[in-house]
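Please read the structure below before turning to the comments.
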Amino acid sequence: MYKKIIRPILFKFNPETAHRITIFSLKILRYIPFGKKILEDLFTYDRPGLKRNILDLEFRNPIGIAAGLDKNAECFDILSHMGLGFIEVGTVTPLGQSGNPKPRLFRLIKDKALINRMGFNNEGARHVVRNIKKLRKGCAKGVVIGGNVGKNTATDNFNAPEDYLKAFSALYNYVDYFTVNVSCPNVTNLCGLQNKDGVFAILEKLTSFRAEMSIRKPIFLKISSDLGIQQIETMVDVVKESGIDGMVAVNTTTTREGLLTPETVIENIGRGGLSGAPLTERSIAVVKHICEYSQNAFPVIGVGGIMKVEDAQRMLDAGASLVQIYSGYIYNGPSFPKKICKAIE
Ligand SMILES: Cc1cc2nc3c(=O)[nH]c(=O)nc-3n(C[C@H](O)[C@H](O)[C@H](O)COP(=O)(O)O)c2cc1C
């Protein structure tokens, strides 16, 4: 149904409009009698063997939605009834910002990929907290909600730790875990924070804040897919030394190798982060290396190019404790998590 009817309709619109239509449709489902029950019946595959306990959080299953799909926490309550084990909202910045000029999201259909340069468009931490407070009670049981935090584009890297702390502290009481995003290629100079000192300065602020709180919420560091081996190992060392809890690997890539889409089309699109099928091998290799190098010292959330059920299985085999999907959800539709769950049970 999705691939034959819904996707062809959605793909007639430009990708960002299609995204808005999807979010709007999900929000409408909130008002349909038995809407959530119908979604549970259609898309959920609950089995005891799929449950995961990671860092004292109970996940219904290990398949989640990656950051960027529900940036403003508008529809995570509905998504939670659609067979997912967790949903990461954001990236949330302290103040709302409009992001980069449009167009900024593109489909590469031949490559089963997307290119985006959204640039942290979001309504800001206060607005997102308001949404979470309102919608959280409508969430399915056993579905974990993560908050992905970042800095405002106007904030320079020197003042970045303060921004991360503002978003983190605003969300602290309302989400179950955090992801610190220093790896988005679409915010000027953000990846410049992805070095030992840059990341430490941010994490130190967050762990100090957390130490004062009565509940300890897990913190993950999300890294780029474009890091070399040495840089990945530095990030693993930082995770261990800073006392945070895990890693999310990986964010989109700025590389454009081996694509089937004609070069002229790619050139016309311009800069942005590539996601989807071209990322599969890289993301699995990065997760495998993190798990080997760290000797499984902490949980890793594997993300990037999970387009087939086998990709999810390979990501888990590489050592990921949990798997996130984004482009795979756009191309495969809402039954994708259920298909993965059935296969990995
Ligand atoms: C349109 C779009 C927006 C995204 N926005 C964010 C974001 O705000 N924060 C973030 O950490 N990752 C963001 N991502 C990256 C995804 O979370 C994920 O890491 C990446 O897309 C690779 O997974 P995939 O191949 O399954 O799409 C975005 C991806 C896309 C396609």
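Of the set (1) within 16 Å of the ligand (Cβ to nearest atom); (2) within 14 Å of residue 83 (Cα to Cα); (3) not in a loop (DSSP other than H, G, I, E, B), all apply to residue 342 but (1). Cβ-Cβ contacts under 9 Å between residues 6 or more apart (or on different chains), taken from a first residue in segment 171-182 that is free of Cβ contacts under 8 Å to residues at least 60 places away in the same chain and farther than 13 Å from residue 88 by Cβ to a second residue that is in a strand (DSSP E or B) and more than 13 Å from the ligand (Cβ to nearest atom), are listed as 174/145. I'd like to know if segment 183-205 contains one or more residues that are modelled with pLDDT of 95 or more, charged (D, E, K, R) and surrounded by fewer than 18 Cβ atoms within 10 Å (Cβ to Cβ). Checked against the condition, which is being modelled with pLDDT of 95 or more, charged (D, E, K, R) and surrounded by fewer than 18 Cβ atoms within 10 Å (Cβ to Cβ), segment 183-205 yields at least one hit.
Within segment 156-212, the set of residues being part of a helix (DSSP H, G or I), charged (D, E, K, R) and touching a Pro at 6+ places or on another chain (Cβ under 9 Å) comprises 162, 163, 166, 204, 205. Across segment 242-257, the qualifying residues are those that are surrounded by fewer than 21 Cβ atoms within 10 Å (Cβ to Cβ) and either among the acidic types (Asp, Glu) or away from the ligand (no atom under 15 Å from the Cβ) (or both), and the one among them that is nearest to residue 302 (Cα to Cα) is 245. All told, residue 143 meets the bar of being away from the ligand (no atom under 15 Å from the Cβ), touching a residue at least 40 places away in the same chain (Cβ under 8 Å), touching a strand residue (DSSP E or B) at 6+ places or on another chain (Cβ under 7 Å) and aliphatic (A, V, I, L, M).
Under 8 Å between Cβ atoms, which residue pairs at least 6 apart in sequence (or on different chains) link something in segment 216-229 that is within 11 Å of the ligand (Cβ to nearest atom) with a partner that is of a type in the set (D, E, K, R)? Taking only residues 6 or more apart or on different chains, the pairs are 220/245; 225/282.
Every listed requirement among (1) over 20 Å from residue 65 (Cα atoms); (2) in contact with a strand residue (DSSP E or B) (Cβ under 7 Å, 6 or more places away or on another chain) is met by residue 149 save one, (1). Within segment 58-94, restricting attention to residues that are within 12 Å of the chain's Cα centre (by Cα) and part of a loop (DSSP other than H, G, I, E, B), the residue that is farthest from residue 183 (Cα to Cα) is 70.
Of all residues in segment 146-158, none are surrounded by fewer than 20 Cβ atoms within 10 Å (Cβ to Cβ), more than 15 Å from the ligand (Cβ to nearest atom) and closer than 22 Å to residue 59 by Cα.
For residue 327, the conditions (1) touching a Lys or Arg at 6+ places or on another chain (Cβ under 6 Å); (2) crowded, with 23+ Cβ neighbours inside 10 Å all hold with the exception of (1). Number of residues in segment 258-275 that are surrounded by fewer than 24 Cβ atoms within 10 Å (Cβ to Cβ) and near the ligand (Cβ under 8 Å from one of its atoms) equals 1. Go through 63, 54 for me and flag whichever is surrounded by 14 or more Cβ atoms within 10 Å (Cβ to Cβ), touching a helix residue (DSSP H, G or I) at 6+ places or on another chain (Cβ under 7 Å) and not polar (S, T, N, Q). None of the other options fit; the residue is 63. Looking only at residues of segment 286-324 that are within 16 Å of residue 222 (Cα to Cα) and either among the hydroxyl-bearing types (Ser, Thr, Tyr) or at pLDDT below 95 (or both), we find that the one that is nearest to the ligand (Cβ to nearest atom) is 321.
Yes or no, residue by residue, for (1) out of contact with any strand residue (DSSP E or B) (no Cβ under 7 Å at 6 or more places or on another chain); (2) more than 10 Å from the ligand (Cβ to nearest atom); (3) closer than 19 Å to residue 7 by Cα:
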{"position": "39", "(1), (2), (3)": "yes, yes, yes"}
{"position": "49", "(1), (2), (3)": "yes, yes, no"}
{"position": "52", "(1), (2), (3)": "no, yes, no"}
{"position": "106", "(1), (2), (3)": "no, no, yes"}
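Between 133, 102, the distinction of being surrounded by fewer than 20 Cβ atoms within 10 Å (Cβ to Cβ) and assigned to a loop (DSSP other than H, G, I, E, B) belongs to 102 only. Selection within segment 117-130: residues that are of a type outside the set (A, V, I, L, M) and touching a residue at least 40 places away in the same chain (Cβ under 8 Å). The member of this set that is surrounded by the most Cβ atoms within 10 Å (Cβ to Cβ) is 122.
The values are calculated or read from the model by the stated rules, or taken from the named source; none is laboratory data. On a predicted model such as this, the values are computed, not experimentally measured, just so you know. Methodologically, a virtual Cβ is constructed for each residue, glycine included, from the backbone with ideal geometry; neighbour enumeration extends over all protein chains shown.
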